[in-house]
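Inspection log for the structure reproduced underneath, given as structure tokens.
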Amino acid sequence: MKVLVTGASRGIGYCIAESFARRGDEVFATYRTTDTTLPLLRDKLAEDGFALRPVYCDVSNEKSVLALFEEIGDVDILVNNAGIAQFALLSDISGSDWDNMLNTNLKSAFLCSKIFSRGMIRKNFGRIINISSVWGIVGASCETHYSASKAGLCGFTRALAKELGPSGVTVNCIAPGVIETEMNAHLSDEDMAALCDETPLGRIGKPEDVAHAALFFAEADFITGETLSVGGGFGM
Ligand code: NDP
């Protein structure tokens, strides 16, 4: 199948892209600023007989998403993973911080789903997988804009699942807990230990844990509109 993973230059998206490629899919993996990692992954996968193509896209920008579609055409599976985080009190969040957060984390899913669902509807088959966050379900202090964007993704998923279900397209959401990536690199060892203590399964998640759930939704024929927490019980 043809798979598009946004924000695949590192962390969770990188791992999801590699997992689909190793399943035998033709993967298009987007980067925005980090342009060095995906060519290396492409070459490593090619040696093993698998296909991945790095492609540029700023998912918060409509023109860039349209250019991506022009470049790669229809896909069977879309993983809306690209995202940013910011830790700030509500009083310190500017209007442009808010817009940047919502555009990158939520509007991006609207833009990509709108353009790439057309081909899925025509083929009467497709999978859209949105990467939300446990904070989108329970909310996080000092991350109101992040939590709002991620809660929006859960609502978007439920609504779009109803709209696209009759066209054979499933739409599901993954809500990771704390996952070891650069997004959490600013946290101290003490912070990480405290988060680990708050996690019933007693460890920080790995990108592979989220990739596993993405593969599950890609293969599931009769599940749509769901949000699956992948956080070892964190935030329950
Ligand atoms: P990272 O910060 O490690 O990676 C983020 C990725 O998103 C990068 O590939 C980056 O590309 C890309 N990106 C950011 N802004 C844009 C943009 N405007 N257009 C295109 N790509 C963009 O994050 P994670 O891997 O940790 O997170 C991946 C997803 O999982 C995010 O949506 C995040 O909110 C979510 N998540 C993560 C959790 C965690 O604990 N790590 C927990 C819950 C959810 P580049 O570097 O090329 O600019």
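The values are calculated or read from the model by the stated rules, or taken from the named source; none is laboratory data. Here the structure is a predicted model, which means the values were calculated and not measured. Using ideal geometry, Cβ is built from the backbone for each residue, glycine included, and neighbour counts are taken over all protein chains shown. With ligands, DNA and RNA removed, areas are computed over all heavy atoms of the protein, side chains included. Shrake-Rupley method; radii C 1.70, N 1.55, O 1.52, S 1.80 Å.
In this structure ASP99 has an accessible area near 80 Å², from a 1.4 Å probe over the protein heavy atoms.
When the Cα gyration tensor is reduced to axis lengths a ≥ b ≥ c, the ratio a/c is 1.5 or higher for the range 44-170, and with a/b above b/c it is classed as prolate. Pairwise alpha-carbon distances in the range 148-233 exceed 17 Å for 55% of all pairs.
Each label was represented as a point 7 Å from its Cα along the Cα-to-Cβ direction; for ASN124 and ASP97 these points are 5.0 nm apart.
Relative contact order of the chain: 19 percent, from C-alpha pairs under 8 Å at least 6 residues apart in sequence. Of the solvent-accessible surface of the range 2-230, computed with a 1.4 Å probe and all protein chains present, 53% belongs to carbon and sulfur.
How big is the antiparallel share of DSSP beta bridges in the chain, given as a percent to the nearest 5? The antiparallel proportion sits near 0 percent.
Treating r as the C-beta distance of LEU90 and HIS186 and R0 as 22 Å, the FRET efficiency rounds to 0.70.
When the alpha carbon gyration tensor of the chain is reduced to an equivalent ellipsoid, its three semi-axes come out at 26, 20, 18 angstrom, largest first. This model, with +1 at the C-beta of Lys and Arg and -1 at the C-beta of Asp and Glu, gives the chain a dipole about its Cα centre of some 880 debye. Each peptide in 67-75, 89-97, 32-40 receives the mean, over its residues, of other Cβ atoms within 10 Å, and ordering these scores from highest gives 67-75, 32-40, 89-97. At full extension, ALA67 and LYS206 could sit 46.8 nm farther apart than now, given 0.36 nm per residue minus the alpha carbon distance. In the full protein context, the chain carries 47 Å² of accessible surface per residue, based on a 1.4 Å probe and ignoring ligands, DNA and RNA. For the range 155-190, backbone nitrogen atoms closer than 18 Å to the point 7 Å from LYS44 Cα along Cα-to-C-beta are found at 180-183.
Express in whole angstrom the spacing between the alpha-carbon centres of the range 26-47 and the range 132-182. Measuring centre to centre over Cα atoms gives 26 Å.
Accessible surface ranking for LYS150, LYS123, LYS2, LYS63, 1.4 angstrom probe, highest first: LYS63, LYS123, LYS2, LYS150. Which of the pairs LYS2/LYS206; LYS63/LYS114; LYS2/LYS123 have their Cα atoms more than 18 Å apart in this structure? From the list (LYS2/LYS206; LYS63/LYS114; LYS2/LYS123), the Cα-Cα distance tops 18 Å for LYS2/LYS206.
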